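Working notes for the structure below.
The values are calculated or read from the model by the stated rules, or taken from the named source; none is laboratory data. For clarity, every value in this text was computed on a predicted model and none was experimentally measured. Cβ: placed from backbone, ideal geometry, glycine included. Neighbour counts: every protein chain shown. To get the accessible areas, we keep the full protein, side chains included, count just its heavy atoms, and leave off ligands, DNA and RNA. Shrake-Rupley method; radii C 1.70, N 1.55, O 1.52, S 1.80 Å.
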Amino acid sequence: MVYCKCCGCITCFRCFESDKKKSDGIVFLTIGINNTGKTTFLHRMMNDKVEEPTPTWGFTTETVKFKKRNITLYDVGGSPSIRGIWVNYYAETYGIIFFIDVSDEECITQSKEILETILKDEKLKDKPILIFANKVDKIEKFEYMETYNKLNIESLISQGITSVNKILLYPCSSLLINKERDPRIDSGLEWLITRVNDDRSYIENKVKNDTKKQNREFILEQEEKQKRVEEYKKLRAQQEVDQKQQEQLVSNTTNNEEIPLISKDKSKSRSVRSVKVYPEEILPSPE
Amino acid sequence: MGLLSLLRKLKRSDKEVRILFLGLDNAGKTSILKRLADEDISEIRPTQGFNIKTVQKDGFKMNVWDIGGQKAIRPYWRNYFESTDILVYVIDSSDRIRIEETGIEFNTLLEENKLAGVPVLVFANKQDLPTALPASEIAFGLNLHAIRDRQWQIQACSAKNGDGIQEGMEWALKTNK
Ligand SMILES: Nc1nc2c(ncn2[C@@H]2O[C@H](COP(=O)(O)OP(=O)(O)OP(=O)(O)O)[C@@H](O)[C@H]2O)c(=O)[nH]1
Ligand SMILES: Nc1nc2c(ncn2[C@@H]2O[C@H](COP(=O)(O)OP(=O)(O)OP(=O)(O)O)[C@@H](O)[C@H]2O)c(=O)[nH]1
Ligand SMILES: [Mg+2]
Ligand SMILES: [Mg+2]
């Protein structure tokens, strides 16, 4: 939940603001199909040596130093059944870092459609997008225009879904090259930061408004869930009372050895097992 | 499987890791722990207190704490928060009715100061059952998408056939605060 860290309430966004300051305000979301190298890229930015991360089925965030700036990176899973979470991060991001695996034709084809869908999202409107054509180390020669065309970038621009100075396709490798980060990663990021700075006040405003709106939605969702759970709990308590009364009825009307309509042997049923309250001695605090 | 082989995945820098298993009753916490330790999982009773498994090798140590999830025991959970490196939250994915209930319980945990910033692994357990919800729906039920202050990972698994458990624990051990 997005509860505030400074005062514990749910409507103040002061800590969100102060987190922003810590990272110079900039948040970038990395997305793209699974196995394209997003998390490996995150490790390059953290300057560690990890080259084989576990597939992501969730969310990771790191604030990293880049050219004297602090940048917050959001990394999410790209497998089909987890992609649904991506939209929850669009509001806060200043720009998108989109990954494709250039050694995988199927990945390029699928990425084309995904790209169009995400760029049409209102929350990403007019925000810059850097497409990392990753894993170029795996192929003999990277054909820039060929990939550009396969991704249908020209058509995205002509339809006004993005504009020519807001989208860049850039080759790179997320693996270590001579134990260092690929300098092309740095060049790509420089471009993205410059584009953000060109439109800084527009993007900042949009991020602020969209995030506020989203936080309100999250809180509403949570409140609705809470209500449903309470109703469900009430219902369950009522059912238990009803059941007890029925059992009473059954035991009052049946003779001892007859098969009861409702089993009285509750010892095997987990849902109605009796719960003793245990004294604290049985639950000692950890060492 | 086995806890010892997992221990090798532990980063060199952290010599000791403390993992806390929480979740509603009947979620499968004890079953997962026993499965990890290659123990028999056919005769498991509801946990009335807690279980702890410790493995140690070459100066590395892993402690896994499994606390009972029954309602009457939940108030005691807070006694175990201290110095937790990874929170493992276990869900019965087949229990659709209780997904939101477990979500509320989970979100109260996230507000605990002592668990601030602690990475969370969600085990979406009992995936062997035909009625199991997919991981993405569970993510929504738990409000995982609203989290910004920590890492989280959801792992579909089954203590019954062992699927996904090793993968989940590997993520837990590779991840640090
Ligand atoms: N050859 C080569 N392999 C790479 C490169 N980048 C990543 N890989 C490998 O690709 C695999 C997947 O990398 P990840 O970083 O986990 O991919 P991901 O996009 O985060 O995947 P999900 O988390 O499932 O969405 C790993 O085995 C990496 O070692 C690269 O530039 N070149
Ligand atoms: N089908 C199926 N059943 C499971 C699975 N994991 C656990 N169970 C069953 O679910 C029930 C509860 O498992 P436990 O391991 O006792 O659950 P727990 O979370 O430790 O419960 P408490 O100790 O009460 O908090 C048992 O009957 C298990 O056999 C699974 O992956 N698939
Ligand atoms: Mg990843
Ligand atoms: Mg148990």
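Cβ-Cβ contacts under 6 Å between residues 6 or more apart (or on different chains), taken from a first residue in the stretch B:132-143 that is within 17 Å of B:Asp163 (Cα to Cα) to a second residue that is open to solvent by less than 10 Å² (accessible area, probe 1.4 Å), are listed as B:Ala132/B:Ser93; B:Leu133/B:Ser93; B:Ala135/B:Ala124; B:Ala135/B:Ile154. Residues considered: B:Leu129, B:Leu133, B:Leu121. Of these, the only one that is more than 7 Å from chain A (Cβ to nearest Cβ), buried (at least 16 other Cβ atoms within 10 Å of the Cβ) and at pLDDT 95 or above is B:Leu121. Taking the conditions (1) away from chain B (no Cβ under 13 Å); (2) closer than 25 Å to A:Asn215 by Cβ; (3) open to solvent by 10 Å² or more (accessible area, probe 1.4 Å) in turn, A:Thr60 satisfies each one other than (1).
Within the stretch A:199-225, being free of Cβ contacts under 8 Å to residues at least 24 places away in the same chain and either touching a helix residue (DSSP H, G or I) at 6+ places or on another chain (Cβ under 6 Å) or closer than 29 Å to A:Lys125 by Cα (or both) holds for A:Arg200, A:Ser201, A:Asn205, A:Lys208, A:Asn209, A:Arg216, A:Glu217, A:Leu220, A:Glu221, A:Lys225. Taken over the stretch B:40-64, the residue count meeting the criterion of being part of a strand (DSSP E or B), aliphatic (A, V, I, L, M), within 15 Å of ligand 2 (Cβ to nearest atom) and touching a residue at least 40 places away in the same chain (Cβ under 8 Å) is 1.
Considering only residues in the stretch A:50-69 that are within 20 Å of the chain's Cα centre (by Cα) and part of a strand (DSSP E or B), the one that is farthest from B:Asp149 (Cα to Cα) turns out to be A:Val64.
From the list A:Ser155, A:Ser201, A:Ser173, the lone residue that is surrounded by 13 or more Cβ atoms within 10 Å (Cβ to Cβ) and small (Gly, Ala, Ser) is A:Ser173. The residues of the stretch B:11-25 that are touching a strand residue (DSSP E or B) at 6+ places or on another chain (Cβ under 8 Å) and open to solvent by 50 Å² or more (accessible area, probe 1.4 Å), listed by number, are B:Lys15, B:Glu16.
Evaluating B:Ile91 against the criteria (1) buried (at least 20 other Cβ atoms within 10 Å of the Cβ); (2) within 11 Å of chain A (Cβ to nearest Cβ); (3) within 11 Å of ligand 2 (Cβ to nearest atom) leaves one unmet condition, (2). For A:Glu116, only one of the following conditions fails: (1) in a helix (DSSP H, G or I); (2) free of Cβ contacts under 8 Å to residues at least 12 places away in the same chain. What is its number? So the condition that A:Glu116 fails would be (2).
Candidates in the stretch B:144-174 are the residues that are facing another protein chain (nearest Cβ under 8 Å) and among the β-branched types (Val, Ile, Thr); of these, the one that is farthest from B:Ala27 (Cα to Cα) is B:Ile147. Please indicate, with yes or no, whether at least one residue in the stretch B:108-124 is within 16 Å of ligand 4 (Cβ to nearest atom) and under 19 Å from B:Ile165 (Cα atoms). Yes, there is a match, as at least one residue in the stretch B:108-124 is within 16 Å of ligand 4 (Cβ to nearest atom) and under 19 Å from B:Ile165 (Cα atoms). Among residues that are of a type in the set (D, E, K, R), within 8 Å of ligand 2 (Cβ to nearest atom) and at pLDDT 95 or above, B:Lys29 is included.
Under the condition of being more than 24 Å from A:Leu124 (Cα to Cα) and either away from ligand 1 (no atom under 16 Å from the Cβ) or outside any helix (DSSP H, G or I) (or both), the residues counted in the stretch A:22-49 number 4. The C-beta contact set for the stretch A:31-55 (first residue touching a residue at least 60 places away in the same chain (Cβ under 8 Å) and away from every other protein chain (no Cβ under 12 Å), second residue open to solvent by 30 Å² or more (accessible area, probe 1.4 Å) and of a type in the set (A, V, I, L, M), distance under 6 angstrom, 6+ apart or interchain) comprises A:Glu51/A:Leu175.
Restricting A:Thr117, A:Thr72 to residues that are hydroxyl-bearing (Ser, Thr, Tyr), away from ligand 4 (no atom under 16 Å from the Cβ) and within 14 Å of chain B (Cβ to nearest Cβ) narrows the list to A:Thr72.
The set of residues in the stretch A:63-78 being of a type in the set (D, E, K, R) and either at pLDDT below 95 or away from ligand 1 (no atom under 16 Å from the Cβ) (or both) consists of A:Lys65, A:Lys67, A:Lys68, A:Arg69. Given the criteria within 10 Å of chain B (Cβ to nearest Cβ), open to solvent by less than 10 Å² (accessible area, probe 1.4 Å) and away from ligand 2 (no atom under 16 Å from the Cβ), does A:Val27 qualify? Considered against the rule, which asks whether it is within 10 Å of chain B (Cβ to nearest Cβ), open to solvent by less than 10 Å² (accessible area, probe 1.4 Å) and away from ligand 2 (no atom under 16 Å from the Cβ), A:Val27 comes out as yes. Taken as a whole, the structure leaves B:Gly103 outside the set of residues that are more than 15 Å from the chain's Cα centre (by Cα), closer than 17 Å to B:Phe21 by Cα and either small (Gly, Ala, Ser) or more than 11 Å from chain A (Cβ to nearest Cβ) (or both). Is the stretch B:26-39 home to any residue that is outside any loop (DSSP other than H, G, I, E, B) and surrounded by fewer than 15 Cβ atoms within 10 Å (Cβ to Cβ)? Looking for residues that are outside any loop (DSSP other than H, G, I, E, B) and surrounded by fewer than 15 Cβ atoms within 10 Å (Cβ to Cβ), one finds none in the stretch B:26-39, hence no.
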